[in-house]
Amino acid sequence: MKDTRRRWLLERLQRYEPFDAAEARMLARLIAFVMAQEDCFDRRQPAGHVVASAWIVSPDRKQTLLLHHRSLGKWLQPGGHVENDPSLIDAARRELVEETGLKKFRLLSGEIFDVDVHTIPARGREPEHPHYDVRFIFEASPHAALKPSEEAVELRWTRLGRLASLNDSASLARLARKTRLLRR
């Protein structure tokens, strides 16, 4: 396997411990996809592609920063295509900066925080396809200046207990449950 990003990802996925049965199923799908698709990061891949996300939490672990995604019409964590980033962590960091404008933040762990497989609806010439999302956890101050990108209608710090009022997906609920278990 010549792609170091792909090798790095497979090594971490194979030792990753899923949080629940739903994440275990998505982890199995993600591993199978990465093993079968040499070009798993290429956004032109018709079978889907690996993307990277940044789950951003406050220092007290009681809030998360979400963006209201313009084209998807949902509140989500920052994230997107891996493009030419040297690593998935670099891709998540780039998306964090591009989509929120945050200048001060820190990566809490170089290990994967969560995995998710979700469907992106067809848009223009792009058919419906899965995103194999690899998520990393970052910390930032809820008082830091924010500057939404053109992809975001709005940015908002949200208390974990109120997350479902913005997006009641099982995916974000799982991220919130994991965050509550973290020690500061």
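The values are calculated or read from the model by the stated rules, or taken from the named source; none is laboratory data. It should be emphasised that the depicted structure is a prediction, and the values quoted were computed from it without experimental measurement. We place every Cβ from the backbone using ideal geometry, glycine too, and count neighbours over all the protein chains shown.
Here are the numbers for this structure:
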{"read-out": "Selected residue (criterion: modelled with the highest pLDDT) from residues of segment 69-80 that are of a type in the set (Gly, Ala, Ser) and surrounded by fewer than 17 Cβ atoms within 10 Å (Cβ to Cβ)", "value": "GLY73"}
{"read-out": "Selected residue [at negative phi and surrounded by fewer than 16 Cβ atoms within 10 Å (Cβ to Cβ)] from GLU111, GLU99, GLU95, GLU83", "value": "GLU111"}
{"read-out": "Some residue of segment 76-85 being aliphatic (A, V, I, L, M) and closer than 19 Å to ALA145 by Cβ", "value": "no"}
{"read-out": "Which numbered condition ALA22 fails, given (1) surrounded by fewer than 17 Cβ atoms within 10 Å (Cβ to Cβ); (2) modelled with pLDDT under 95; (3) not basic (Lys, Arg)", "value": "(2)"}
{"read-out": "Count of segment 120-144 residues which are in contact (Cβ under 8 Å) with a residue 40 or more places away in the chain, assigned to a strand (DSSP E or B) and not aliphatic (A, V, I, L, M)", "value": "10"}
{"read-out": "Residue in segment 145-165 that is assigned to a strand (DSSP E or B), within 18 Å of LEU88 (Cα to Cα), of a type in the set (D, E, K, R) and in contact (Cβ under 8 Å) with a residue 24 or more places away in the chain present", "value": "no"}
{"read-out": "Selected residue [among the small types (Gly, Ala, Ser), farther than 24 Å from PRO127 by Cβ and modelled with pLDDT of 95 or more] from ALA54, ALA91", "value": "ALA54"}
{"read-out": "Residues located in segment 124-155, provided they are out of contact with any Leu (no Cβ under 9 Å at 6 or more places or on another chain) and under 30 Å from ARG29 (Cβ atoms)", "value": "GLY124, ARG125, GLU126, PRO127, GLU128, HIS129, PRO130, HIS131"}
{"read-out": "SER71, sole failed condition from (1) closer than 14 Å to LEU9 by Cβ; (2) out of contact with any His (no Cβ under 9 Å at 6 or more places or on another chain); (3) of a type in the set (Ser, Thr, Tyr)", "value": "(1)"}
{"read-out": "Of all residues making up segment 141-171, the number that are more than 16 Å from the chain's Cα centre (by Cα) and under 28 Å from GLU11 (Cβ atoms)", "value": "0"}
